[in-house]
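Q: Structure provided below as structure tokens; questions to follow.
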Amino acid sequence: MEHTVPLDFVIPPLDTTLTSALHTKINQKTKPLGALGQLETLALQIGLCQNSLTPCLTNPCILIFAGDHGIVASGVSAYPQSVTAQMVANFLAGGAAISVFAKQHGLKLLVVDAGVNADLNPHPQLINAKIGWGTQNFLTQPAMSSADCLQAIQTGANLVTEQQALGYNCIGFGEMGIGNTSSAALLMHTLTGLPLAQCVGRGTGLNDKQLAHKIAVLQQALKQNIGWADAGSPSFANDTHPIALNALATFGGFEIAMMVGAYLQAAQSGMIIMVDGFIASSALLVASCLYPSVLDYCVFSHVSNEQGHQVLLQHFNATALLNLNLRLGEGSGIALAYPLLQSAVLFLNEMASFAEAGVDSK
């Protein structure tokens, strides 16, 4: 069944009117030209995103989208599916890495049940937005219906709108979902054309034998779904990029689809978007296929130790702020990199110019 896609986001490219003025302001600070390196590039980007010579970061927030994946039944993960719900409980109890780092840096943290295969206990930081009880096993059928895919995208967008209404202008998206590196790898392969072997990594820590099995399963899934635009498979009538939406519905997860909508809404709203690791970047890949200008609003927090992420950043032509060999997900890289965004804004707004400090510039 074909669905017309009601994706009506408006994401214009950045207004570059202030580029010259921002460069001048940056270059007049009491430092040699370019001496703050990547922080200067970051300050320029944030200024352009906000169309301001005095940008600010207000109420930074991280949304963690959680969902389960049917492909786990085919042995692609070192951990059982039950870990997804257990880790959500750990986030909410404050015991996870992202919980600790978010608290350290004053980041609001919310967890979204996009499709966990379990009943989750109510909690002030938990948003119940469950699309389904995990996706289907895409080794035998598409992961989700086109209708569920669209619902997930719209739900992610709505959640960002809610945060913006509360005064948040800087947002990042983490994820939790056992098996979701398999989804990310297939989305990357399908939408970039890169060899599958470059897209697949060890995920939660697979050994060589387990990794070989994972690759074999994903190769079989590609063969099984070779006709995913045919009748009976997810199919969309969309002039922008039907391949991206078909791939998302076929191989994605509810948490990934929600992140797609979240990215698009955040960019439309002019928010500063902090991008985490491999799975978060695979969702961004889908979003950028639909609306390429979404990338203008994105700050890439780190380069993951998951090999696919390194290649994906090259595809985006992106330079990450950190390289700490992380491969945790959860939005952990976002929390660790956020102080660098603060520093970029602070030096632009508070660092003295040569004239103000009475320092000779030459």
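The values are calculated or read from the model by the stated rules, or taken from the named source; none is laboratory data. Remember, predicted model here, so these are calculated numbers, not experimental data. A quick note on method: Cβ atoms are made from the backbone with ideal geometry, for glycine too, and the neighbour counts reach across all protein chains shown.
Q: Where residues in region 32-51 are assigned to a loop (DSSP other than H, G, I, E, B) and in contact (Cβ under 8 Å) with a residue 12 or more places away in the chain, which of them is farthest from Phe254 (Cα to Cα)?
A: The qualifying residue farthest from Phe254 (Cα to Cα) is Leu36.
Q: Further question on the same structure: Taking region 189-224 only, how many residues are touching a helix residue (DSSP H, G or I) at 6+ places or on another chain (Cβ under 9 Å) and either among the hydrophobic types (A, V, I, L, M, F, W, C) or in a helix (DSSP H, G or I) (or both)?
A: 20
Q: Among the polar types (S, T, N, Q) and either surrounded by fewer than 19 Cβ atoms within 10 Å (Cβ to Cβ) or at pLDDT below 95 (or both): which single residue out of Thr155, Thr192 fits that description?
A: Sole residue among the options that is among the polar types (S, T, N, Q) and either surrounded by fewer than 19 Cβ atoms within 10 Å (Cβ to Cβ) or at pLDDT below 95 (or both): Thr192.
Q: Inspect region 63-73 for any residue being of a type outside the set (Val, Ile, Thr), over 18 Å from the mean Cα position of the chain (by Cα) and assigned to a loop (DSSP other than H, G, I, E, B) and give the result as yes or no.
A: no
Q: Criterion first (surrounded by fewer than 24 Cβ atoms within 10 Å (Cβ to Cβ), at pLDDT below 95 and either outside any helix (DSSP H, G or I) or not hydroxyl-bearing (Ser, Thr, Tyr) (or both)) does Thr240 satisfy it?
A: Yes: the conditions hold for Thr240.
Q: Ok, one more. For region 345-362, state whether one or more residues are touching a residue at least 40 places away in the same chain (Cβ under 8 Å), touching a His at 6+ places or on another chain (Cβ under 9 Å) and not small (Gly, Ala, Ser).
A: Within region 345-362, none of the residues are touching a residue at least 40 places away in the same chain (Cβ under 8 Å), touching a His at 6+ places or on another chain (Cβ under 9 Å) and not small (Gly, Ala, Ser).
Q: Another question, then. Output the residue which, of all residues in region 52-106 that are without any contact (Cβ under 8 Å) to a residue 24 or more places away in the chain and within 30 Å of Leu42 (Cβ to Cβ), is surrounded by the most Cβ atoms within 10 Å (Cβ to Cβ).
A: Ser99
Q: Okay, moving on. Using the structure shown, decide if Val345 is touching a Cys at 6+ places or on another chain (Cβ under 7 Å), modelled with pLDDT of 95 or more and in a helix (DSSP H, G or I). Quick ask: steps written out before the conclusion?
A: Numbers: touching a Cys at 6+ places or on another chain (Cβ under 7 Å): yes; modelled with pLDDT of 95 or more: yes; in a helix (DSSP H, G or I): yes.
Yes.
Q: Within region 267-284, track down each residue that is part of a helix (DSSP H, G or I) and either crowded, with 24+ Cβ neighbours inside 10 Å or under 8 Å from the mean Cα position of the chain (by Cα) (or both).
A: Ala267, Phe278, Ile279, Ala280, Ser281, Ser282, Ala283, Leu284
Q: Taking region 170-188, which residues are among the β-branched types (Val, Ile, Thr) and not in a loop (DSSP other than H, G, I, E, B)?
A: Ile171, Thr181
Q: While we're looking at this one, here's another question. Checking Gln151 against (1) farther than 24 Å from His105 by Cβ; (2) in contact (Cβ under 8 Å) with a residue 40 or more places away in the chain; (3) in a helix (DSSP H, G or I); (4) of a type in the set (S, T, N, Q), which test does it fail?
A: Condition not satisfied by Gln151: (2).
Q: So, one more: Has region 171-186 got any residue that is in contact with a Lys or Arg (Cβ under 8 Å, 6 or more places away or on another chain) and not charged (D, E, K, R)?
A: Yes; the residues of region 171-186 include at least one that is in contact with a Lys or Arg (Cβ under 8 Å, 6 or more places away or on another chain) and not charged (D, E, K, R).
A quick yes/no check of all residues on (1) within 13 Å of the chain's Cα centre (by Cα); (2) polar (S, T, N, Q); (3) at pLDDT 95 or above:
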site	(1), (2), (3)
Val260	yes, no, yes
Cys298	yes, no, yes
Asn305	no, yes, no
Leu341	no, no, yes
Asn349	no, yes, yes
Ser353	no, yes, yes
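Q: When you look at Ser361, is it surrounded by fewer than 24 Cβ atoms within 10 Å (Cβ to Cβ) and not in a helix (DSSP H, G or I), yes or no?
A: So Ser361 passes the test.
Q: Another question, then. Among (1) in contact (Cβ under 8 Å) with a residue 40 or more places away in the chain; (2) surrounded by 17 or more Cβ atoms within 10 Å (Cβ to Cβ); (3) not β-branched (Val, Ile, Thr), there is one condition Leu126 misses while meeting the rest; what is its number?
A: (1)
Q: OK, next. Please enumerate the residues belonging to region 203-228 that are more than 20 Å from Asp68 (Cβ to Cβ) and among the basic types (Lys, Arg).
A: Lys209, Lys223
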